[in-house]
């Protein structure tokens, strides 16, 4: 679905990461895996470090910290927010939703609407489009978009194909209606036929959690997991991103009237360095315009990875000037979304962990 | 001019570390290779996309029993 929304801008960004550093090689050695194989994977895929949430910290906590720091940095009172959108697949509860809990924690007005989007790695782009829609046509002047997950809680430590990928983070993005901002161009797409490629089979209404769903099994490659763990068919997901993401990026470039060389940056969801590098190349972007360092520091942060990469790679210039940016998220659903926008100057709160170390 | 099987195999080996090593040929059974794993399958997908312009699925590659069967997935 294509949409172009005008006179809306991103006014500020903040990301709070998990506070516990995990090292791919050290973790693998502790499980008895061979150093040579770990180094092969580390060098090829780009798995080094990641930041996971400390015990008891949830995506809600991470996003609340990011939101408070952003509002403080911008000098905006919470009463000025008209809507809160919370993008997550790891909410505190099945009911109530995280946006309502955040609404209460921030002490927002009763006239502030709040709702969740159950999206993963494509979720920041989906949430941005919803926020822009609320500003363009929904009567909102300011929308707080919070996007984050603690996917490290869903993986099995003995599943070496999935567990080492994920870091935890929460982001806050403030979207404002304004009289003079250039258009944002979106393309949001989905393919539910691939839904099982990224899936937590048990723990929901279809297959409630029981002792049986916690029984671990070993797969053909020796990875151990159970039905309440996150399962990812890596080759299917890679295949899907190669098939769909370059076309999605090309479509928003066309809507914006830009060639890849005219854009300042392509911010891809940071699944892993290998995937970002391969897709960036296929999209026609030079490697220096496709940041891919944040994934080696923070891990795959689900819906928080695009805002984290914006801050990590472009935080300084974005506070000073306007950049032509294309962002694309892709993952669970399967779903993918791209946006082309002119971004900055904007307020950026420093990237930091929660709790702060 | 169409490339020979040896040329195609050599190009595939250059991109997929799991298919390299002493005595590994297109006839070698993939299941006997210690590094024939999910990472190697990602590298095969990438090789086919970048060199041959087609996107293979993981199941297409997993169904192959030898390197020769992988090479047979190249469009003629």
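Readers should treat all values here as calculations from the given coordinates under stated rules, not as data from a laboratory. Treat the numbers as computed from the prediction; the structure is a model and nothing was measured. Heads up, the Cβs are rebuilt from the backbone with ideal geometry, glycines too, and the neighbour counts pull from every protein chain shown.
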For this session: Name the single residue, out of those in region B:37-59 being under 19 Å from residue B:5 (Cβ atoms) and surrounded by 16 or more Cβ atoms within 10 Å (Cβ to Cβ), that is farthest from the chain's Cα centre (by Cα).
Result: B:56
For this session: Kindly establish whether residue A:191 is surrounded by fewer than 17 Cβ atoms within 10 Å (Cβ to Cβ) and either in contact with a strand residue (DSSP E or B) (Cβ under 7 Å, 6 or more places away or on another chain) or in contact (Cβ under 8 Å) with a residue 40 or more places away in the chain (or both).
Result: yes
Exercise. From the set of residues in region A:243-272 that are in a strand (DSSP E or B) and more than 23 Å from residue A:41 (Cα to Cα), which is nearest to the other protein chains (Cβ to nearest Cβ)?
Worked result: A:266
For this session: Starting from region A:273-295, keep only residues that are free of Cβ contacts under 8 Å to residues at least 40 places away in the same chain and more than 14 Å from every other protein chain (Cβ to nearest Cβ), then list their pairs with residues that are assigned to a loop (DSSP other than H, G, I, E, B) and crowded, with 20+ Cβ neighbours inside 10 Å whose Cβ atoms are within a distance under 6 Å, requiring at least 6 positions of separation or different chains.
Result: A:294/A:270
Exercise. Considering only residues of region A:23-56 that are in contact with a strand residue (DSSP E or B) (Cβ under 9 Å, 6 or more places away or on another chain) and in contact (Cβ under 8 Å) with a residue 60 or more places away in the chain, which is farthest from residue A:234 (Cα to Cα)?
Worked result: A:54
Exercise. Does residue A:29 fit the bill of being within 14 Å of chain B (Cβ to nearest Cβ), touching a helix residue (DSSP H, G or I) at 6+ places or on another chain (Cβ under 8 Å) and either crowded, with 18+ Cβ neighbours inside 10 Å or over 19 Å from residue A:148 (Cβ atoms) (or both)?
Worked result: no
Problem set entry | Any chance residue A:112 is touching a strand residue (DSSP E or B) at 6+ places or on another chain (Cβ under 8 Å), surrounded by fewer than 23 Cβ atoms within 10 Å (Cβ to Cβ), in contact (Cβ under 8 Å) with a residue 60 or more places away in the chain and closer than 27 Å to residue A:93 by Cβ | no
Exercise. Within region A:224-239, can you find the residues that are part of a loop (DSSP other than H, G, I, E, B) and at the interface with another protein chain (Cβ under 9 Å from one of its Cβ atoms)?
Worked result: A:233
Problem set entry | residue A:66 closer than 30 Å to residue A:142 by Cα and touching a helix residue (DSSP H, G or I) at 6+ places or on another chain (Cβ under 8 Å) | no
Problem set entry | Residues being farther than 21 Å from residue B:50 by Cβ, buried (at least 19 other Cβ atoms within 10 Å of the Cβ) and over 17 Å from the mean Cα position of the chain (by Cα) - total across region A:230-252 | 3
Problem set entry | helices (runs of 4 or more DSSP H) completely within chain B that count 1 or more residues being out of contact with any helix residue (DSSP H, G or I) (no Cβ under 8 Å at 6 or more places or on another chain) and either within 13 Å of chain A (Cβ to nearest Cβ) or on the phi < 0 side of the Ramachandran plot (or both) | B:5-15, B:58-62, B:67-71
Exercise. Do you know which residues across region A:98-114 are in a helix (DSSP H, G or I) and farther than 30 Å from residue A:191 by Cβ?
Worked result: A:100, A:101, A:102, A:103, A:104, A:105, A:106
Problem set entry | Search result, residues across region A:115-155 that are surrounded by 24 or more Cβ atoms within 10 Å (Cβ to Cβ) and assigned to a strand (DSSP E or B) | A:143, A:144, A:145, A:146, A:147, A:148, A:149
For this session: Determine if region A:313-332 includes at least one residue that is more than 11 Å from the chain's Cα centre (by Cα) and within 14 Å of chain B (Cβ to nearest Cβ).
Result: no
